[in-house]
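Take a look at the structure set out below.
The values are calculated or read from the model by the stated rules, or taken from the named source; none is laboratory data. Just so we're clear, the structure is a prediction, and the values are computed from it rather than from any experiment. Glycine gets a Cβ as well: all are built from the backbone with ideal geometry, and neighbour counts include every protein chain shown.
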Amino acid sequence: MTETLVDEIARILRCTPKTLAVRVVKMGLGITCSRCGGTGKYSYNAMDGSRCYGCGGLGSTMPRKLQKLKMDAEKAVESGELDAYLAQLRKRRDLKDAKQRVLDAWHSVFEEFPYDWRRSYGKDADPVAAFRGDQSAICSQTWDEFSKLIDEFTYPTRGKDPVDPDAVARALERALDVIAGVRATLEQHEKDMAS
């Protein structure tokens with residue numbers, strides 16, 4: 001069986017022929033969509049909103065001149081663009097479960113050190129419960145900040161600059177450090193209360 005030009009380009013860009021069009025467009029090797037002019041939007045309909053059917057909302061399409069695309073793909077491989085693109089994809093994949101990792105860390109702390117809000121307030125407030133409430137507030141604030149960033153990363157807004165995966169990785173580490181610090185503070189507080 002002979003290899004078609006599409007198969008050859010897909011092999012060069014390390015993808016399948018089925019995903020070649022997306023890889024070409026995402027790497028900037030595509031051509032501007034003639035239907036929407038590169039905006040990714042066309043006429044509104046109730047089913048898909050204003051997404052262009054010509055490019056699927058990406059703003060670019062696969063070029064028709066495959067020989068030129070093959071040369072561009074080879075140049076992209078030689079210049080390291082493909083490796084940089086694949087590294088970005090790996091970072092995005094690795095950060096896919098970041099939100100769940102932070103939630104799991106937060107929940108594990110407060111399973112071990114439960115917080116009862118009813119005992120935290122009022123004239124008979126328990127200082128231990130109030131202290132745990134303060135620590136829970138720190139985790140909650142950290143979660144809010146991290147959650148906004150990860151949502152922007154996971155669901156980018158068209159027209160805005162995408163969130164850098166390195167910034168998300170740093171925010172993930174910072175959030176996990178804050179939660180680890182809260183755990184250590186609660187453990188120390190438990191020891192102090194016991195003695």
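Residues in the range 1-37 that are within 20 Å of E81 (Cβ to Cβ) and touching a Gly at 6+ places or on another chain (Cβ under 6 Å): V24, T32. Does D161 satisfy the criteria of being in a loop (DSSP other than H, G, I, E, B) and either within 16 Å of D97 (Cα to Cα) or free of Cβ contacts under 8 Å to residues at least 40 places away in the same chain (or both)? For D161, the condition - in a loop (DSSP other than H, G, I, E, B) and either within 16 Å of D97 (Cα to Cα) or free of Cβ contacts under 8 Å to residues at least 40 places away in the same chain (or both) - is met. Does R158 satisfy the condition of being at pLDDT below 80, of a type in the set (K, R) and assigned by TED's automatic domain parsing to the domain that holds E190? For R158, the condition - at pLDDT below 80, of a type in the set (K, R) and assigned by TED's automatic domain parsing to the domain that holds E190 - is met.
Of note, V24 does not satisfy the criterion of being assigned by TED's automatic domain parsing to the domain that holds W143 and touching a residue at least 40 places away in the same chain (Cβ under 8 Å).
Being surrounded by fewer than 16 Cβ atoms within 10 Å (Cβ to Cβ) and either among the polar types (S, T, N, Q) or farther than 28 Å from Y155 by Cα (or both): is that true of K65 here? When the stated conditions are applied, K65 passes them.
Kindly provide the set of residues from the range 9-25 that are surrounded by fewer than 16 Cβ atoms within 10 Å (Cβ to Cβ) and of a type outside the set (S, T, Y), ordered by number.
R11, R14, P17, K18, V22, listed by residue number.
Got at least one residue in the range 30-51 being touching a helix residue (DSSP H, G or I) at 6+ places or on another chain (Cβ under 8 Å) and either free of Cβ contacts under 8 Å to residues at least 12 places away in the same chain or crowded, with 16+ Cβ neighbours inside 10 Å (or both)? Yes, because at least one residue in the range 30-51 is touching a helix residue (DSSP H, G or I) at 6+ places or on another chain (Cβ under 8 Å) and either free of Cβ contacts under 8 Å to residues at least 12 places away in the same chain or crowded, with 16+ Cβ neighbours inside 10 Å (or both). Output the number of residues of the range 1-48 satisfying the condition of being modelled with pLDDT under 85 and part of a strand (DSSP E or B). Final tally of qualifying residues: 1. Flag not set for R64, criterion: assigned to a helix (DSSP H, G or I) and within 22 Å of L82 (Cα to Cα).
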